[in-house]
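Structure record follows, encoded as structure tokens.
The values are calculated or read from the model by the stated rules, or taken from the named source; none is laboratory data. What you see is a predicted model; the values in this text were computed from it and never measured. Ideal geometry is used to build each Cβ from the backbone, glycine not excepted, and the neighbour counts take in all protein chains shown.
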Amino acid sequence: MTIPLNDPKLTAYALDELDGPDQSELEAALQNSPDHEREITQIRLIAQLLRAELELESLHESRPPLKIQRSAPRRSRATHFFLLAVAASIIVALVGTVVYFSTSGPASSAFAQTIDQVAHAKSMTWKSTFYNHAIGKSGTTWLVTETRQIYYKAPGLYREVSFDDKGQPRGAEITDAIHMHQLSLNFVTKEAFLSEPMNLSGDEQPEPFAWELKDLSTSNLQWVGKRRLPVGEVNVFRHSLKNPDGKLWSYDYWIDASSKRLIEVRLPGQDIYDPDTDLTRNNKPEAKWTKMTAEGGGHISHDIQYDVSLDASLFSLTPPDGFKVVTVARPKVTESQMIDYLRIMADFNDKVFPDEPFTPLDKLNKVLEKPRKDRTPAEQKLISTENHYMEIGMNALPLHQYRMDETVPGTFRYLGKGVRLGDKDRIVCWYKPKDANNYHVVYGDLTVKEMPASSLPLPAVP
């Protein structure tokens, strides 16, 4: 059986899985929402991601128009589920992977031993704990936690298991990050979903904690002190930065003082969030909640073990006997669709291409606050277009989906800052399609010219 990602059966599937306010209340809230279009998008997108057994609680919320917040660059696969914990975080996942196109500063040998031990591990296991907040009808907020078990086997094989409230396995996601295959199992409904990994970009490294190791290779780290754990003494290092919206963010790395092994990663660091001091941690949960949010929460990768004996069957991509098999088709973006999206972004940005290859965040949030009737045609066109691509299951917006799927890795370069729509002499971007001999160069009037790497204004990579 093969179904497209926007099949209404998936929407019904997500609604049937809800545990909270009943379905009729949810549907009524969505129909009355001032931004119904975006709400429906979230429903359908979560329906797609249900095969990975993500939390669906955020669908119960009736809220004003969504404000999109981009996160820092995406980190390891484990942090993916924290970023997708609520509907707003799903949007983060769609765009957060493409905020930056280059790695950080010069490499340093200070953490070479730590990096080497992860990079050369034949296998690893760790736990990922997510700290979210639920809000009840009375306004009471309480802490909600979930822990998942992660298994890794070199090269590029992962198994991630989620559990129900009784500690029984609820679902598993097995990913081959080298060959881009994924099997998601729902142990409750006995369904198996086969797909390409929707949470991996085309140039993401298959090693565990790949982004974290990049942080440890930079000089932008601060030693914040020592911690005493049952396993021994650890040093805590912090990478602090600001998101594109100016919000402070950080990552904490706990490294064993003796073995120099990475044993814990906190996102964000304890300077921003610490579950032990969370003011809601002792609040009594209500019977039902009206909102679930990752705002003010965090994610911790912990209990990291190296070179563990793991049976190959854990990573089998063959659906178990007795499971209903569904093959999920992955949507694609053509070059003409990508270029049309460039035009839509420029129209939205007062006929000027944005400084970076995504919609200006502050401006987009302000537009999302407007009722639809008060938006300009260019504003509504952008929102409707982005809704459409999310609705059909894109794991990124068109520019970046095309870059990941259709171009030679590392060849895309964006130069659109300050270029006016219609300027035939200014370059907006270039890239090398996978099936092409030459680079394609897009100009401000959205014409495309082919040229060899030697003719580009800057050195081509690779």
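Taken over the range 232-268, the criterion of being within 20 Å of the chain's Cα centre (by Cα), charged (D, E, K, R) and crowded, with 20+ Cβ neighbours inside 10 Å is satisfied by ASP252, ARG266.
Within the range 138-151, being over 26 Å from SER123 (Cα atoms), of a type outside the set (Ser, Thr, Tyr) and either touching a residue at least 60 places away in the same chain (Cβ under 8 Å) or surrounded by 14 or more Cβ atoms within 10 Å (Cβ to Cβ) (or both) holds for TRP142, LEU143, VAL144.
Does at least one position in the range 285-299 carry a residue that is surrounded by fewer than 18 Cβ atoms within 10 Å (Cβ to Cβ), farther than 20 Å from VAL236 by Cα and at pLDDT 90 or above? Yes: one or more hits. Among the conditions (1) in contact with a strand residue (DSSP E or B) (Cβ under 7 Å, 6 or more places away or on another chain); (2) exposed (fewer than 13 other Cβ atoms within 10 Å of the Cβ), the only one that ASP271 does not satisfy is (2). Screening ARG413, ARG375, ARG403, ARG426 for residues that are more than 29 Å from the chain's Cα centre (by Cα) and surrounded by 13 or more Cβ atoms within 10 Å (Cβ to Cβ) leaves exactly one candidate, ARG426.
If you check ASP321, ASP307, ASP303 for being assigned by TED's automatic domain parsing to the domain that holds PHE130, farther than 30 Å from TYR443 by Cβ and under 26 Å from the mean Cα position of the chain (by Cα), only one passes: ASP303. Filtering the range 116-147 to residues that are assigned to a strand (DSSP E or B), closer than 30 Å to ASP307 by Cβ and of a type in the set (A, V, I, L, M) leaves only MET124.
Per-residue answers, yes or no, for (1) more than 25 Å from ASP347 (Cβ to Cβ); (2) among the aliphatic types (A, V, I, L, M); (3) at pLDDT below 95:
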site	(1), (2), (3)
ASP405	no, no, yes
GLY410	yes, no, yes
ARG413	no, no, yes
GLY418	no, no, yes
LEU421	no, yes, no
TYR431	no, no, no
VAL441	no, yes, no
GLY444	no, no, no
THR447	no, no, no
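Return the residues of the range 308-319 that are surrounded by 13 or more Cβ atoms within 10 Å (Cβ to Cβ) and either in a loop (DSSP other than H, G, I, E, B) or hydroxyl-bearing (Ser, Thr, Tyr) (or both); say none if nothing qualifies. Across the range 308-319, the qualifying residues are VAL308, LEU310, SER316, LEU317, PRO319. With respect to PRO244, determine if the residue is at pLDDT below 90, under 22 Å from TYR151 (Cα atoms) and outside any helix (DSSP H, G or I). So PRO244 does not fit the description; no. Condition check for LYS260 on (1) assigned to a strand (DSSP E or B); (2) in contact with a helix residue (DSSP H, G or I) (Cβ under 6 Å, 6 or more places away or on another chain); (3) at positive phi: one failure, at (1).
The set of residues from the range 337-353 being crowded, with 21+ Cβ neighbours inside 10 Å and either within 13 Å of GLY416 (Cα to Cα) or charged (D, E, K, R) (or both) comprises LEU342, MET345, ALA346, PHE353. Here the range 186-226 is the region considered, the condition is being touching a Pro at 6+ places or on another chain (Cβ under 7 Å) and modelled with pLDDT of 80 or more, and the residue that is surrounded by the fewest Cβ atoms within 10 Å (Cβ to Cβ) is PHE187. Checking each residue in the range 291-336 for being touching a Phe, Trp or Tyr at 6+ places or on another chain (Cβ under 8 Å), under 28 Å from ILE392 (Cβ atoms) and charged (D, E, K, R) picks out only GLU335.
Of all the residues in the range 126-137, those that are surrounded by fewer than 20 Cβ atoms within 10 Å (Cβ to Cβ) and either within 15 Å of ALA210 (Cα to Cα) or modelled with pLDDT under 90 (or both) number 1.
For the range 164-185, the candidate set comprises residues that are within 23 Å of VAL144 (Cβ to Cβ) and surrounded by 12 or more Cβ atoms within 10 Å (Cβ to Cβ); within that set, the residue that is nearest to the chain's Cα centre (by Cα) is GLU173.
Identify, please: which residue in the range 350-372 is in a loop (DSSP other than H, G, I, E, B) and more than 25 Å from the chain's Cα centre (by Cα) and is, among those, farthest from TYR414 (Cα to Cα)? Filtering the range 350-372 for residues that are in a loop (DSSP other than H, G, I, E, B) and more than 25 Å from the chain's Cα centre (by Cα), the one farthest from TYR414 (Cα to Cα) comes out as PRO371. Looking across ASP303, ASP271, ASP252, one residue alone is in contact with a Ser or Thr (Cβ under 9 Å, 6 or more places away or on another chain) and either in a strand (DSSP E or B) or closer than 15 Å to MET124 by Cβ (or both). It is ASP303.
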